[in-house]
Amino acid sequence: MLHRLLVFDETPKIEILFKEILEADGGEFEIKRASDKIDAEIAINEYNPELALVSLNSGKAVAALKSLQKKNICPPLVFMGNNLGVKPKELLKVKAVDEIELPFDPAEFCLKIDDDIYLGAGKFDELTGFFKKGWFDYKMEKLMKKKVKGTLFCMSLDAYSFAANPPTRLQLQMASYALKSGFKEGILAINGTMILGFFPSEGKRAENERYINGLIETMCAAADQPPIFICAGAAETDMYDFSAVDTYVYANKAMGLSLDAGKNCVRYYK
């Protein structure tokens, strides 16, 4: 998946450096640089970026972007610079989805850009605090290129209640928060009412199964009353030649087995 970034910066060839860092992490990027000699509105209209990185040394660009935001024709912005805690007055009136302190750690930079592209596009679920499926697909695609072994799992947040009552918004929020708190590694996202998760693991299936079941127990306990039932399915990436699509398909099928079993425990597709 190719992503387009526009960099407002006076540093020559900084876009080449950014492209090398991001593509070494497994992404595909097309990156352009616009100096203060180029009109910001023209640059944005011509290139139509998904995200614009704005350096604090680009004074003219900052002023132009403020005007573009008022017209609702500005892409999501990320500020870059030293000592971002002390911003120029004109910058305080410009909205940004994130900030990148310079100098940056390359790994952290890649994580931020990945997240900010999807934050800016609204691919974030306010109720549960999870990114949406597009972000998850992109992250999985990168992991599968690196042939990362692990377990992908699906959990239904339709959360069939034992008392035949639909779960409340608060229950869903509490269950989601409990999952995030207990899930220290890997990635989590939401697709409708289904949670998607992947964690890298060289462990045996039984070990990974215990880990996922522990997460389910924590979620159910956090949701409180009435008790909820969370069906879950899982599949291992190396079983499907590191295909993110196939792994998801079989984890989803396994979730049907869990639903048929009627217990709060994960099932793998046989």
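Apart from one condition, ARG210 fits all of (1) over 24 Å from ASP125 (Cβ atoms); (2) open to solvent by less than 40 Å² (accessible area, probe 1.4 Å); (3) not hydrophobic (A, V, I, L, M, F, W, C); the exception is (2).
Can LEU188 be described as within 24 Å of GLY122 (Cα to Cα), open to solvent by 10 Å² or more (accessible area, probe 1.4 Å), within 18 Å of the chain's Cα centre (by Cα) and at pLDDT 90 or above? Yes; evaluated as a whole, the condition is true for this residue.
For the range 1-35, which positions are of a type in the set (A, V, I, L, M, F, W, C) and farther than 17 Å from ASP105 by Cα? Selection gives MET1, LEU2, LEU5, LEU6, VAL7, PHE8, PHE29, ILE31, ALA34. The condition of being of a type in the set (D, E, K, R), surrounded by fewer than 19 Cβ atoms within 10 Å (Cβ to Cβ) and touching a residue at least 40 places away in the same chain (Cβ under 8 Å) does not hold for GLU126.
Please verify whether the range 148-170 includes one or more residues that are assigned to a helix (DSSP H, G or I), farther than 26 Å from LEU22 by Cβ and modelled with pLDDT under 90.
If we filter the range 148-170 for residues that are assigned to a helix (DSSP H, G or I), which is where we start, we get 169-170.
Next, from what is left, pick out any that are farther than 26 Å from LEU22 by Cβ: 169-170.
Checking the rest, the ones that are also modelled with pLDDT under 90 come to 169-170.
Checked the range 148-170: at least one residue is assigned to a helix (DSSP H, G or I), farther than 26 Å from LEU22 by Cβ and modelled with pLDDT under 90.
LEU143 meets all of the listed conditions (1) at pLDDT 90 or above; (2) closer than 18 Å to LEU6 by Cα; (3) in contact with a Phe, Trp or Tyr (Cβ under 9 Å, 6 or more places away or on another chain); (4) among the hydrophobic types (A, V, I, L, M, F, W, C) but one, namely (2). Taking the range 227-242 as the range and being on the phi > 0 side of the Ramachandran plot and more than 23 Å from the chain's Cα centre (by Cα) as the test, only ASP241 passes. Does any residue of the range 1-14 turn out to be open to solvent by 30 Å² or more (accessible area, probe 1.4 Å), modelled with pLDDT of 85 or more and among the hydrophobic types (A, V, I, L, M, F, W, C)? Yes: the range 1-14 contains one or more residues that are open to solvent by 30 Å² or more (accessible area, probe 1.4 Å), modelled with pLDDT of 85 or more and among the hydrophobic types (A, V, I, L, M, F, W, C).
The values are calculated or read from the model by the stated rules, or taken from the named source; none is laboratory data. Quantities reported herein were computed from a predicted structural model and do not represent experimental measurements. Please note: Cβ atoms are built from the backbone with ideal geometry, for glycine as well, and neighbour counts cover all protein chains shown. Please note that ligands, DNA and RNA were not included when accessible areas were found on the heavy atoms of the full protein model with its side chains. Shrake-Rupley method; radii C 1.70, N 1.55, O 1.52, S 1.80 Å.
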